[in-house]
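First the structure, which I've put down as structure tokens, then a few questions once you've had a look.
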Amino acid sequence: MTEDRMFGVVLTGHGGPECLVWRDDLPRPVPRKGEVLVAVAAAGVNNTDINTRVGWYSKGDNDAADASWTGTPLGLPRVQGIDVCGHIVAVGADVDPARIGERVIIEPCLTEAGGEMRDPPWFLGSECDGGFAQFCVVAARHAYGVNSDLDDAALASFPCSYSTAENMLTRTGLSAGETVLITGASGGVGSAAVQLAKARDAHVIAVTSPAKAESLRALGAAQTVDRTAGGLSALGANAVDVVIDLVAGPQFPQLLDLLRPHGRYAVSGAVGGPIVDLDVRTLYLKDLRFYGCTVLEPQVFGNLVKLIEKGAITPLVAAQFPLHEIGAAQAAFAEKAYTGKIVLNVGPKPEGTP
């Protein structure tokens, strides 16, 4: 492999794991003005990777014409991977060369990409190439230096899940002493939300299976609710101030019943089903506020890095796979038999980096 080439996994179309193809002759990206080149050490596996591959985001029966976060066709082949930890190995014009060698995690929501400001933002591994390859290039503003003793896999577990969770808590304004209910609490975003809500001194109720309840209590949940045995009903009406929902589906009406008047509901996932029943009377008679959460608030990722550096949040790496075993990693992810994240190990630390 020559210096202008790299290895990686590319998405060639929408469908099953056969659409993920290993290549060792991919063009190595070159950083332009304002950009940095990152040698990827580790990359997390996410729902968004699989959803994009299968065309789940499409509202037209998995029509490739709108199967992306932004509702526009993907440029294929595409290197996916929204969770990235690595080291800066080259910089473009107007970027301080002293950043070469810096250990970074990449903000997944890109307001600057391809040399232009983006509104709506692009997402790493969707509208532009991401971390399932030896190298990736991003605007320097989105590569955050991180000073931590955590290993690369641990740091790669943070960017997408934890920033999504922190964004939902920021949008809803969760504060100390309030009660928050978190659905899908054992997944990457859910377990992050448990930790981050606890860090805000909120009373955390985690919806999960009995087998995972103890691990969530260890993360900071004051209470757990069985997601399969009518546990939500036991809480009673008007029991919580905030709902952080990563599931949606048939339980949606119950979640609104649980909210107190002036309660806040935030959603950033629909693994239980994207089409829900809404009694509009519940919405307006209780003066509820709804938040759809995808694009990060400007302060969210910087705040997340500070929490990582202070050791205020704990990475949850459930399993690790080499990059070329991405199919097996995504299969394990889909089984949902773990608490936390699955991470792909991509490459060794470049020579000369601290």
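The values are calculated or read from the model by the stated rules, or taken from the named source; none is laboratory data. Bear in mind that the values here come from a model prediction, so they are computed numbers and not experimental data. Here the Cβ positions follow ideal geometry from the backbone for every residue, glycine too, while neighbour counts run over all protein chains shown. Surface accessibility is based on the protein's heavy atoms, side chains included, excluding ligands, DNA and RNA. Shrake-Rupley method; radii C 1.70, N 1.55, O 1.52, S 1.80 Å.
To the nearest 10 degrees, how steeply does helix 300-310 sit against the main Cα axis of the chain, on a 0 to 90 scale?
Taking the Cα atoms of the chain, the angle to 300-310 is about 80 degrees.
Compare the peptides 35-44, 136-145, 117-126 by average per-residue count of other Cβ atoms within 10 angstrom and give them in order, highest first.
35-44, 136-145, 117-126
Given a 1.4 angstrom probe, what's the average accessible area per residue across the range 1-150, in square angstrom?
Dividing the accessible area of the range 1-150 by its residue count gives 42 Å².
Is the shape of the chain rounded, prolate or oblate, going by the alpha carbon gyration tensor and its root eigenvalues a ≥ b ≥ c, with a/c under 1.5 for rounded and a/b larger than b/c for prolate?
It is prolate, given that a/c is not under 1.5 and a/b is the larger ratio.
Let me ask you something else. Students often forget the sequence filter, so: which aspartates and glutamates lie under 14 Å Cα-Cα from LYS33 once same-chain residues fewer than 8 apart are removed?
Hits, sequence-local ones excluded: ASP94, ASP96, GLU112, GLU116.
LYS336: which aspartates and glutamates have alpha carbons under 19 Å from its alpha carbon, excluding same-chain residues fewer than 8 sequence positions away?
The qualifying aspartates and glutamates are ASP49, ASP83, GLU214, ASP226, ASP245, GLU325.
Within the accessible area of the range 196-246, what % is carbon and sulfur when the probe is 1.4 Å and the other protein chains stay in place? Display every interim value, and only then the final one.
Numbers: 1040 of 2170 Å².
Answer for the range 196-246 is 48 percent, counting heavy atoms of protein chains only.
A further question on this structure: Which of LYS212/LYS310; LYS198/LYS286; LYS212/LYS341; LYS310/LYS341 have a Cα-Cα distance over 19 Å?
In this structure, LYS212/LYS310; LYS198/LYS286; LYS310/LYS341 lie more than 19 Å apart at Cα.
In Å², what does the accessible area per residue of the range 206-345 work out to with a 1.4 Å probe? Write out the running numbers ahead of the final one.
Numbers: 6660 Å² over 140 residues.
Dividing the accessible area of the range 206-345 by its residue count gives 48 Å².
Using per-residue counts of other Cβ atoms within 10 Å, averaged over each peptide, order 302-309, 341-348 from highest down.
Top to bottom by mean Cβ count within 10 Å: 341-348, 302-309.
On to the next question. On C-alpha positions alone, give me the angle between the axis of helix 188-199 and the longest principal axis of the chain, in degrees, nearest 10.
Approximately 70 degrees, to the nearest ten.
Express as a percent, rounded to the nearest 5, the fraction of DSSP beta bridges in the chain (both residues included) that run antiparallel.
In the chain, DSSP labels about 55 percent of beta bridges as antiparallel.
Enter the angle in degrees (range 0 to 90, nearest 10) between the Cα long axis of helix 210-219 and the first principal axis of the Cα atoms of the chain, meaning the one along which they spread out most.
With both axes taken from Cα atoms, the answer is about 70 degrees.
Classify the range 268-333 as rounded, prolate or oblate from the Cα gyration tensor: take a ≥ b ≥ c as the square roots of its eigenvalues, call it rounded if a/c is under 1.5, otherwise prolate when a/b beats b/c and oblate if not. Please list the in-between numbers first.
Values: a/c = 3.17, a/b = 1.46, b/c = 2.18.
The shape class here is oblate.
Whenever you get a sec, compute what percent of the accessible area on the range 22-162 sits on carbon and sulfur atoms (1.4 Å probe).
Of all accessible area on the range 22-162, carbon and sulfur atoms account for 49 percent.
Let me ask something additional. Rounded if a/c is under 1.5, else prolate if a/b beats b/c, else oblate: with a ≥ b ≥ c from the C-alpha gyration tensor eigenvalues square-rooted, which is the range 151-213?
Judged from the Cα gyration tensor, the range 151-213 comes out oblate (a/c at least 1.5, b/c at or above a/b).
Mind ordering 190-201, 174-185 by average Cβ neighbours within 10 Å, highest first? Provide the component values of the computation, followed by the final result.
Numbers: 190-201: 24.7, 174-185: 22.3.
Per-residue Cβ counts within 10 Å, averaged per peptide and sorted highest first, yield 190-201, 174-185.
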